[in-house]
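The structure appears below as structure tokens.
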Amino acid sequence: MSVGRAYAFPPEKWEARKKLRKLSWLSIGSLLLAAVVIGLTVGQSQAMKTAWLSDILTAVPPLALLISLRYELREPSERFPEGYARAISVAFLVTACVLTMIGLYLLYDSTMKLVHREHPPIGTIVLFGHQLWLGWVMIAALTFSAAIGFTLGKLKTPVAKQLHSKALQAEADMNRAEWLSEGAAIVGIVLVAFGLWWGDAAAAAFISIEIVRDGWKNIRQVIGDMMDESPTKLGERKLEPLPYRLRAEVRQLPWVKDAAVRLREHGHTVTGEVFVVPRRDGLSAEQLLQETERTAERLQRADWRLHGLMVVPVRALEETSPPRVAQREESRDAAD
Amino acid sequence: MQFRLLLYIALTLTTACGLPRDTEGTLDRVRGGTLRVGFVVDTPWVTATGVGAGGVEGAIAAELARGLGARIAWIHASETPLLQKLHDGELDLVIAGLTKDSPWAARASLTRPYYVDTTTVHGERTEVPHVVAVPPGENAWQVYVERVLESRKRELAAMRYAVAR
């Protein structure tokens with residue numbers, strides 16, 4: 001059993017992990033660049049200030065992910081005997097919180113603007129000897145920043161799927177939220193150009209509700225991770241069928257009478273226990289040890305993310321395993 | 001090259017469709033009508049001339065009115081009520097020797113600086129950008145005011161010392 005060792009990614013996933021690291025650097029660089037461009041054109045527009053803030057904030061999660069990637073593969077230590085795989089969950093927590101914060105701030109900000117009936121003033125700027133309405137320049141800067149967010153989101157989604165990385169998926173959601181809100185800001189400025197003062201705030205409020213919903217979805221997933229929730233599908237609440245698959249596989253083994261499985265996510269990896277009731281027809285201690293080890297190795301091959309899986313021989317299932325896993329399985333079988 | 005193209009698209013949009021527009025239609029109302037100007041005396045920026053305001057910013061108000069064929073209605077009061085009236089749309093322009101870092105920026109819309117003054121405070125040279133205030137959200141009006149300020153920059157700078165003497 002590999003409980004005492006750090007997880008090793010399979011070669012193709014290792015490539016995806018390298019890509020993830022590159023994407024994170026790309027994110028930080030391009031988002032800061034967008035923040036600089038927007039910062040130069042902020043002026044008195046509140047919408048532009050929000051866009052600037054969200055550019056800075058969205059650079060935080062990739063930074064958190066980069067840091068956690070450095071820790072993820074460290075060998076377990078005296079202080080952290082379970083290893084460092086859950087560093088990724090910490091990055092996920094940061095991302096979910098940032099996403100929610102952006103949404104709540106945007107919602108508060110735009111609602112207040114509507115309540116106070118604030119008319120956004122936008123003046124002129126002199127560029128290369130031409131005096132332009134600053135609104136057009138803002139739209140250009142926002143388009144630039146939105147294009148960056150859009151591209152980053154599109155690049156991240158397939159890598160997140162490959163690595164089953166909730167942290168990266170949440171980042172992709174966040175990039176999507178960002179370019180949507182910047183799109184809303186553009187619509188708002190165009191409406192302001194037509195003399196409709198409420199356009200800016202109304203568009204922002206509409207989009208912020210969507211962002212808060214995304215953020216809440218991710219926070220719920222993080223809380224689930226912290227509560228040792230059974231593995232869930234990427235970006236969904238549905239449980240994965242993996243525990244049932246493992247249980248079915250163990251129960252087919254000749255030395256096994258009955259079995260129950262308890263899994264949880266550990267960052268990019270999945271770990272847990274397989275409780276096994278052996279057939280008691282003359283299995284020696286040596287044989288039992290051998291079978292246990294062989295079964296653990298065999299099960300670990302069922303899914304690339306499985307790591308540090310424990311096979312625990314028990315006398316009976318009721319005492320040591322989550323009974324509902326077995327019961328649900330039975331009811332599922334009955335339903336089929 | 002492409003940047004130039006965007007610049008011309010923006011310029012075309014501005015002139016062809018009359019964008020941006022005002023929320024309350026200030027520019028259209030002032031054109032051939034009345035320009036309501038609130039002023040606070042602050043020599044050399046704003047001086048009292050009996051009927052209305054003179055000084056650098058008095059000249060700005062006169063120039064704005066002349067360009068639009070409007071007559072000026074002067075209102076003399078202190079800064080707080082004037083800027084409140086401006087915010088509520090009862091005035092079109094406030095001249096009070098305001099500077100860009102004025103705490104009024106949140107309520108009124110301060111224009112681009114028409115002149116950057118240099119003064120010495122505690123032995124340190126500081127730049128003080130001078131602005132005038134327009135109602136927030138009247139973006140066509142603000143664009144018009146800022147265009148006039150930009151085109152008259154040199155005359156206004158010359159006036160600053162002429163008036164002081």
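The values are calculated or read from the model by the stated rules, or taken from the named source; none is laboratory data. Just so you know, these numbers come straight off a predicted model, no measurement behind them. Note: ideal-geometry Cβ built from the backbone for every residue, glycine included; neighbour counts use all protein chains shown.
What residue, among those in segment B:16-38 that are within 19 Å of A:Val192 (Cβ to Cβ) and aliphatic (A, V, I, L, M), is modelled with the highest pLDDT? Out of the qualifying residues, it is B:Leu27. Checking the structure you have, find out if any residue of segment B:132-142 is farther than 26 Å from A:Ile189 by Cβ, touching a residue at least 40 places away in the same chain (Cβ under 8 Å) and more than 10 Å from every other protein chain (Cβ to nearest Cβ). No - not one qualifying residue is present in segment B:132-142.
For segment A:189-228, a residue qualifies if it is polar (S, T, N, Q) and either under 16 Å from the mean Cα position of the chain (by Cα) or farther than 17 Å from A:Lys113 by Cβ (or both), and the qualifying residues are A:Asn218, A:Gln221. Taking the conditions exactly as written (touching a Ser or Thr at 6+ places or on another chain (Cβ under 8 Å) and not in a helix (DSSP H, G or I)), does A:Gly272 satisfy them or not? When the stated conditions are applied, A:Gly272 does not pass them. Scanning segment B:141-155 for residues that are buried (at least 21 other Cβ atoms within 10 Å of the Cβ) and not β-branched (Val, Ile, Thr), we see that the one that is nearest to B:Thr47 (Cα to Cα) is B:Leu149. The condition (being buried (at least 17 other Cβ atoms within 10 Å of the Cβ) and of a type in the set (Gly, Ala, Ser)) is satisfied by just one residue among B:Gly32, B:Gly58, B:Gly123, B:Gly89: B:Gly58.
Of everything listed in (1) within 14 Å of chain B (Cβ to nearest Cβ); (2) more than 31 Å from the chain's Cα centre (by Cα); (3) surrounded by fewer than 19 Cβ atoms within 10 Å (Cβ to Cβ); (4) at pLDDT 85 or above, the single unmet condition for A:Phe128 is (4).
Within segment B:80-102, the residues that satisfy the criterion of being of a type in the set (Gly, Ala, Ser) and more than 15 Å from A:His119 (Cβ to Cβ) are B:Ala96, B:Gly97, B:Ser102. If we scan segment A:77-91, do we find a residue that is within 14 Å of chain B (Cβ to nearest Cβ), over 27 Å from the mean Cα position of the chain (by Cα) and charged (D, E, K, R)? Looking for residues that are within 14 Å of chain B (Cβ to nearest Cβ), over 27 Å from the mean Cα position of the chain (by Cα) and charged (D, E, K, R), one finds none in segment A:77-91, hence no.
For the subset of segment A:103-125 comprising residues that are within 23 Å of A:Ala205 (Cα to Cα) and of a type in the set (Gly, Ala, Ser), which member is nearest to the other protein chains (Cβ to nearest Cβ)? The extreme case among them is A:Ser110. It is to be established whether one or more residues within segment A:191-201 are within 14 Å of another protein chain (Cβ to nearest Cβ), crowded, with 22+ Cβ neighbours inside 10 Å and among the aromatic types (Phe, Trp, Tyr). There is at least one residue in segment A:191-201 that is within 14 Å of another protein chain (Cβ to nearest Cβ), crowded, with 22+ Cβ neighbours inside 10 Å and among the aromatic types (Phe, Trp, Tyr). In segment B:143-158, the residue that is farthest from the other protein chains (Cβ to nearest Cβ) out of those that are of a type in the set (A, V, I, L, M, F, W, C) and under 14 Å from B:Ala61 (Cα atoms) is B:Leu156.
Can you go through B:Val148, B:Val128 and tell me which one is among the hydrophobic types (A, V, I, L, M, F, W, C), outside any loop (DSSP other than H, G, I, E, B) and more than 17 Å from B:Gly97 (Cα to Cα)? Answer to the selection: B:Val148.
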